[in-house]
1. Quick one: if you stick a label point 7 Å off each Cα along the C-beta vector at residue 112 and residue 8, how many nm between them?
2. Measure nothing but the geometry: give the 0 to 90° angle between the long axis through the Cα atoms of 53-81 and the longest principal axis through the Cα atoms of the chain, rounded to 10°.
3. Straight-line reach from residue 49: which aspartates and glutamates have Cα under 12 Å away, leaving out those fewer than 8 places along the same chain?
4. Report, ordered by chain and residue number, the lysines lying within cross-link reach of residue 46, taken as a straight Cα distance under 23 Å and ignoring same-chain residues fewer than 8 apart.
5. Which angle from 0 to 90°, rounded to the nearest 10, does the C-alpha axis of helix 23-47 make with the longest principal axis of the chain?
6. Given C-alpha coordinates of the chain, what is the ratio Rg to Rh with the Kirkwood estimate of Rh?
7. Based on the mean of other Cβ atoms within 10 Å per residue, sort peptides 56-65, 41-50, 84-93 so the most packed one is first.
8. Nearest 20 debye, what's the magnitude of the dipole of segment 3-129 about its Cα centre given +1 on Lys and Arg Cβ and -1 on Asp and Glu Cβ?
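Nothing in this text is a laboratory measurement; each read-out follows from the coordinates by a stated rule. Everything numeric here is computed off the predicted structure, so don't read it as measured data. Using ideal geometry, Cβ is built from the backbone for each residue, glycine included, and neighbour counts are taken over all protein chains shown.
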Amino acid sequence: MDLEKLVNWYYLTHRFPPGGFSWPLRITFIILFGGALALAIYSGIKKGKLSGYSKKIWNKLQVWGWTVSLLGFSLFLFREVRAIYLSARIYMFSWVLITIIWLILIIVLHKIKTPNKEEIIKQKKEYEKWLPQQKK
């Protein structure tokens, strides 16, 4: 692969690039966007059964999955049918980059904001220690 093309502005923004993607790249994009779609459907099912912090992360993953799959498949289709201006390589390149950064941010923010279960149990025991106990 010629990596010099990634810094060539004309190559990335050509208004009518020749051909579609190579077969390995097509398979990679179909797996990436199809996996995002499957994650969106799964997280929609999972989100309905949970509450609290777990529901928030599944909701974010559902939004991520639907957005990535629908916009990704659209850009993939534009490239395959050679739509003028919409099939520029820079769109797909930037969308995959944004997708990866967005997923990393979701995971990192979840790790930071979600409280530790042991810490919650400890706080609950500390609180219940001062409550009057029922006699048996």
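1. With each label point 7 Å from Cα toward Cβ, the separation is 4.0 nm.
2. For 53-81 against the chain, the angle is about 10 degrees.
3. Straight-distance partners of residue 49: none at all.
4. Here the lysines satisfying the reach criterion relative to residue 46 are 55, 56, 60, 111, 113, 117.
5. In the chain, helix 23-47 runs at an angle near 30 degrees to the longest axis.
6. Working: Rg = 22.7 Å, Rh = 18.2 Å.
Looking at the chain, the ratio lands at 1.25.
7. On the way: 56-65: 18.7, 41-50: 13.8, 84-93: 15.6.
Result, highest mean Cβ count within 10 Å first: 56-65, 84-93, 41-50.
8. Details: 19 positive and 6 negative charges, 86 e Å.
Magnitude of the dipole: close to 420 debye.
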